[in-house]
Ligand code: UD1
């Protein structure tokens, strides 16, 4: 089993290129299934989640090639509609095949994703959406089976108790492209990854209106062609490197970022005392000031993202004073707290709130990653901890961060992958 070893105490300096967005690439890959010809997708991060989605697409009959950050997806052979448990259990985004298979074949069978380390992950909104488009849904033997002789456009309100759902919006948009008549999604997710999906479908010929807003109007039955497309930079990887610079009192220039999609993170880091400048070359993030504690409320976009909650907590763990982090999206996304506390952090959880008392110092320890972003938070903590931090279960990390140890080490961190 591989581990990441980090020895803390080095201020990060230099520049880093941010990779393409994992969470934007995954829905775009599924949308490529709906084209009549091959799509080529550029700036794809080389990650395990992308390989898993490629496998899902191949299982459905498409041909997929991944080479040097470029994906070629030929949907011509797409003629199966079952996404099996073995794939869905390793990556929940496999559920996007529901919308694509319904659109193309009028039928989809997808293993139910179930819960995971960050909480219960229901799909009721996905099912409500496709049912309103005319699909009959049954759940049997751990699988969702959706069938529609004809998909029909509908007005669909898609928010749930925690606000809009990214995943449900993706599935309903995909299915609606094949419906007869227009679909209007009210309270659609406005996460940049949905915007990216809609942009991609529009380049394919979908003519969806309302891109980037919570009201999407999808005309349906447009002929979609394969296209050449470059995906947006990864806002979560960018945010993670911003915190890496802040926590080590570093001076790091992030290149190939989209600063507009990072405003909540930038704003919060500035409140804490980090200096962030937008330059022609990218985003320069300088730490080292007198940091102040902060209240961080996790919200759907454009609020502070749930995928940055663990990382900002690692920073607040060493900021003097009391900070509060409130998680509103995933009820159980605090597993990193117990590991941070083993490194000397002082964090208490009260339902959806984490009360973080800034510690004078953290000390390196063997720690266990519980999920993707938690593993990044433990590495960030390790960058400032005294001595060695050994992060285990880094298969989580490899799902979503491309060569993080190489990138951090190029910035001066003492970090390596060990067997
Ligand atoms: C969510 C995040 C996304 C992040 C991803 C992984 C939001 C809006 N989405 O996307 O930024 O990258 O987690 O951390 O912040 N829900 C239901 N019923 C459903 C679907 C969802 O109640 O059918 C609830 C979920 O339990 C959750 C909330 O809605 O509380 C948002 O879920 P959703 O956006 O669908 O999750 P992901 O697509 O995984």
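A few remarks follow.
- Radius ratio Rg over Rh of the stretch 33-99, counting only Cα atoms, Kirkwood formula for Rh: 0.94
- Cα centroid of the stretch 115-161 to Cα centroid of the stretch 380-415, whole Å: 38
- A viscosity of 1.306 mPa s and a temperature of 10 °C, combined with the Kirkwood radius over Cα pairs in Stokes-Einstein, give a translational diffusion coefficient for the stretch 315-411 of 115 µm²/s.
- Relative protection proxy for 180-191, 314-325, from highest mean packing down: 314-325, 180-191 (other beta-carbon atoms within 10 angstrom).
- Cubic angstrom per residue, convex hull over Cα atoms of the chain: 122
- Relative contact order (%) - the chain, alpha-carbon pairs under 8 angstrom, separation at least six: 21
- Cα-based shape type of the stretch 83-192, given that a ≥ b ≥ c are square roots of the gyration tensor eigenvalues and the cut on a/c is 1.5: oblate
- Looking at the chain alone, DSSP beta bridges between its own residues are antiparallel in about 70 percent of cases.
- Rounded to 10°, Cα long-axis angle of helix 166-176 versus longest principal axis of the chain: 20
- Taking Cα atoms only, the orientation of helix 22-32 departs from the longest principal axis of the chain by about 10 degrees.
- Helix axis angle, 263-272 relative to the chain longest principal axis, alpha carbon, degrees: 10
- Neighbour-count ranking [beta-carbon atoms within 10 angstrom, fewest first] of 296, 217, 64, 355: 355, 217, 64, 296
- Counting only DSSP beta bridges whose two residues both lie in the stretch 126-250, roughly 75 percent are antiparallel.
- Note that the stretch 188-345 shows a convex hull volume over its alpha carbon atoms of 130 Å³ per residue.
- Förster-model FRET efficiency, 51 Å R0, residue 256 and residue 124, C-beta, rounded to 0.05: 0.85
- Taking 169, 37 and counting other C-beta atoms within 10 Å, the order from fewest to most: 37, 169
- With contacts taken as Cα pairs under 8 Å at a separation of at least 6 residues, the stretch 1-126 carries a relative contact order of 20 percent.
- As a length-normalised measure over Cα pairs under 8 Å and 6 or more apart, the relative contact order of the stretch 22-230 settles at 22 percent.
- Alpha carbon convex hull of the stretch 22-230, volume per residue in cubic angstrom: 100
Read the figures in this text as sums done on the coordinates, not as results from a lab. For clarity, every value in this text was computed on a predicted model and none was experimentally measured. With ideal geometry, Cβ positions are generated from the backbone for all residues, glycine too; neighbour counts draw on all protein chains shown.
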